[in-house]
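The values are calculated or read from the model by the stated rules, or taken from the named source; none is laboratory data. Here the structure is a predicted model, which means the values were calculated and not measured. Heads up, the Cβs are rebuilt from the backbone with ideal geometry, glycines too, and the neighbour counts pull from every protein chain shown. For the accessible areas, the whole protein counts, side chains as well, though only heavy atoms, and no ligand, DNA or RNA atoms are used. Shrake-Rupley method; radii C 1.70, N 1.55, O 1.52, S 1.80 Å.
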Amino acid sequence: MKVYDAQSLRNVALVGHSGAGKTQLLSALLFDAGAINRFGRVDDGTTVTDYDDEEIARKHTLSASLAYAEWNKTKINFIDTPGMANFLSDARAALRVADAALVVVDAVAGVEVSTEKVWAAAEELEVPRLVVLNRIDRERASMERSLESLRSVFGRTVVPIQLPIGEEKSFRGVVDLVAMKAWTYAADGSGKPTEGAIPADLADAANTAREALIEMVAEADDSLMEKFFDAGTLTQEELVGGLKRGVAAGRIFPALCTSATVNIGLQPLLDAVLNYVPSPAERPVKAGEDKTVAAADSGPVSAFVWKTVADPFAGRITMFRVISGTLKSDSTVHNSTKDTSERLGHLVLLQGKAQTNVPEIKAGDLGAVAKLKETQTSDLLADKAVAYRIGPIKFPDPVLSYAIEPKSRADEEKISTSLHRLQEEDPSISYNRDAQTKELLLAGQGQSHIEVTVAKLKRRFGVEVLLKLPRIPYRETITVATEAHGRHKKQTGGHGQFGDCKVKFEPLPRGSEFEFVDDIFGGSIPRQYIPAVEKGLQDARMRGFLAGYPMVDFRATVFDGSYHQVDSNELSFKMAASLAFKDGMSRARPTLLEPVMDVEVRAPSDYAGDLMGDLNGRRGRIGGMDTRGAATIIRAKVPMSEMLTYEQHLTSATGGRGSYHMEFSHYEEVPTHLHGKIIAAAKAERGQEAPEEV
Ligand SMILES: Nc1nc2c(ncn2[C@@H]2O[C@H](COP(=O)(O)OP(=O)(O)O)[C@@H](O)[C@H]2O)c(=O)[nH]1
Ligand SMILES: [Mg+2]
């Protein structure tokens, strides 16, 4: 295996909405470049990058993976990424080490939710982009309509450098607007194009499109702007050079068209990657605010870990980009993030799951190594001489949690270590044991994310768990102010117990939690017992009153009481406070609070009416609507309890074309007609457990 230096490398991440054809496209690219000799298909489970059992079963990419091909003496590293909303964190991680994104768009659907998400991520990380309009062979596909949709959302800097020859069933090739020639494909799917003149019926369209391209390139580059005004056009050299600079600067986004299943347009796409994507030599890596590191293959070595895979057999697989220097197999390297040293075994190149050993990997290249002991995602493996740091990859906080219950004793024992390893692979999940209920909670980005995690637990680690609908973290609060009295007295021979307090309870605004005020003057309760009163109230409020949920957003003021010289003690005052709480709650008109989510749903506009009706039925309040090309975005506030099964509903209601995102917004009162059900469910769940006696 050759070792490549930075000039002869390109690193691209395939990103975009789920189903646009990223994985299939990569399979075709690898085949046409001669890197693999079987044309793998997503539909048969035979692609290089959807190799995980779970991905094959679901026909969806769930995790980022690597592949590479040599094209024209240049090694192109590809990162295939997931497009489903719950799994986008890996697309973001990939963009951290790619020098450009291939934003793959379905030419039938145009811009979709994840298209916008990955575009925004690339924008934020300043990653150049090429747009690939894929699935041009499909019924109702249109390069023109898709481009309109792209330009309406991302601006007119998205410009075609190709035109399709035929569309839908008759798609058979592409016109290259830079070289002004045509690539035509035989109908046999062999992917072997013939190069020729532009078909006569496309000549006018091609000339117009080329002029538009020249104008955009001139606009993106001040020095070319003048030449363009003087000459009215650009030379071929100026066009090619300007396009390359414009792409690198993120000022122009060339669009190409392909069919990944019929195998059309892949060679021109590979050429475009070579010609327009900056090599690592041209794109130094950011290390902190204003420091960049050039991809020099001599000097101190550093490699940034962007992804970890938990393989139960091969162990941990660590994927990195060499930032500078040359990383060697069988060497020891410092982990500067953790300040430990790591022994590297064989360095490998990954073609999906297939590993090829290499002696060394140079700056700018992507590779992997198995069985590191402590290194994790976002760590920097670097010589001690390296002083810079590379910022950690940002992972989203979990939005939804489920309770999981091991099926057997054996499962119980393995569950924590297995979850720990899965979390290393996917830092957008988290798990913890609920202190109150002792349940093991698994949190993630949504229902399908949790389900996939549970499926991985089983397939990879043999750990089986039952998944229970997440508990809604209800709260309780009071609605009117009241005064209450609690007296605890036991005088049965020997030492007695005596505590007595009067407490005022008042509602506070949402989000205030709890306030305790000591308003005792003149010693009706001695100083030393006040903390016991507070503790008694705290404990009582955490146990709730109506349904056992913590009572929040109120103030408790202890203003009077009495004591006994001999019998009073802390425990007695704690109990008196608890009795005062119960007494107060019986008159303070307690009620239930529920978490309300900010929800954003996006779907083709045809579905908007039905989706809004459904959200209303879920007690949602519609906050606004936006259109994006053929899609509508609906924003609403909806109680969390109504959203637990939303993912399934949305998928079936829109044939998989809708998606949504939600996050916690605030707590709100539960309508009274729903109280009975929640209280009954809470009691049943606590297993008839008698309320704790005080
Ligand atoms: N007709 C057609 N189908 C395609 C094309 N590219 C991908 N597909 C199909 O679209 C589906 C999703 O493809 P996949 O590569 O998994 O999309 P990804 O989610 O973006 O990775 C699969 O059934 C593919 O066979 C294409 O160019 N034309
Ligand atoms: Mg995929």
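Some points to look at:
- Residues that are open to solvent by less than 50 Å² (accessible area, probe 1.4 Å), hydroxyl-bearing (S, T, Y) and assigned to a helix (DSSP H, G or I), drawn from the stretch 631-684: S641, Y646
- Checked against (1) over 17 Å from D176 (Cα atoms); (2) more than 16 Å from ligand 2 (Cβ to nearest atom); (3) modelled with pLDDT of 95 or more; (4) under 28 Å from the mean Cα position of the chain (by Cα), S152 passes all but condition (3).
- So D598, is it open to solvent by 30 Å² or more (accessible area, probe 1.4 Å) and assigned to a strand (DSSP E or B): yes
- Residue within the stretch 331-338 that is free of Cβ contacts under 8 Å to residues at least 12 places away in the same chain, in a strand (DSSP E or B), open to solvent by 10 Å² or more (accessible area, probe 1.4 Å) and polar (S, T, N, Q) present: no
- Any chance V111 is away from ligand 2 (no atom under 16 Å from the Cβ), in a loop (DSSP other than H, G, I, E, B) and surrounded by 15 or more Cβ atoms within 10 Å (Cβ to Cβ): yes
- Condition check for D44: among the charged types (D, E, K, R) and either closer than 26 Å to A281 by Cβ or within 12 Å of ligand 2 (Cβ to nearest atom) (or both): no
- Flag for K535 being touching a Gly at 6+ places or on another chain (Cβ under 8 Å), outside any strand (DSSP E or B) and either more than 25 Å from H666 (Cβ to Cβ) or of a type in the set (F, W, Y) (or both): no
- Complete set of residues in the stretch 1-59 that are touching a Lys or Arg at 6+ places or on another chain (Cβ under 9 Å) and away from ligand 1 (no atom under 14 Å from the Cβ): K2, V3, Y4, D5, A6, S8, L9, R10, N11, D53
- Put simply, of A141, A91 the only residue that is within 16 Å of ligand 1 (Cβ to nearest atom) and either in a strand (DSSP E or B) or within 20 Å of T61 (Cα to Cα) (or both) is A91.
- Among the residues examined, T482 does not qualify as without any contact (Cβ under 8 Å) to a residue 60 or more places away in the chain and of a type in the set (V, I, T).
- Of the strands (runs of 3 or more DSSP E) lying entirely inside the stretch 387-499, those containing at least 2 residues that are of a type in the set (S, T, Y) and open to solvent by less than 70 Å² (accessible area, probe 1.4 Å) are 400-406, 430-433.
- Among the residues of the stretch 582-595, those that are open to solvent by 10 Å² or more (accessible area, probe 1.4 Å) and either assigned to a helix (DSSP H, G or I) or touching a helix residue (DSSP H, G or I) at 6+ places or on another chain (Cβ under 8 Å) (or both) comprise K582, D583.
- Leading residue by the ranking (nearest to ligand 2 (Cβ to nearest atom)) among those in the stretch 8-21 that are open to solvent by 10 Å² or more (accessible area, probe 1.4 Å) and within 14 Å of A101 (Cα to Cα): H17
- Apart from one condition, A122 fits all of (1) crowded, with 24+ Cβ neighbours inside 10 Å; (2) more than 12 Å from ligand 2 (Cβ to nearest atom); (3) within 25 Å of R283 (Cα to Cα); the exception is (1).
- The one condition in (1) surrounded by 22 or more Cβ atoms within 10 Å (Cβ to Cβ); (2) under 26 Å from E425 (Cβ atoms); (3) away from ligand 2 (no atom under 12 Å from the Cβ) that A85 fails to fulfil: (1)
- You will find that of R135, R129, R96, the residue that is closer than 15 Å to K22 by Cβ, charged (D, E, K, R) and more than 12 Å from ligand 1 (Cβ to nearest atom) is R129 and no other.
- Total residues in the stretch 286-312, condition modelled with pLDDT of 90 or more, surrounded by fewer than 19 Cβ atoms within 10 Å (Cβ to Cβ) and under 28 Å from I429 (Cα atoms): 1
- Filter pass, V104 being within 11 Å of ligand 2 (Cβ to nearest atom) and open to solvent by less than 10 Å² (accessible area, probe 1.4 Å): yes
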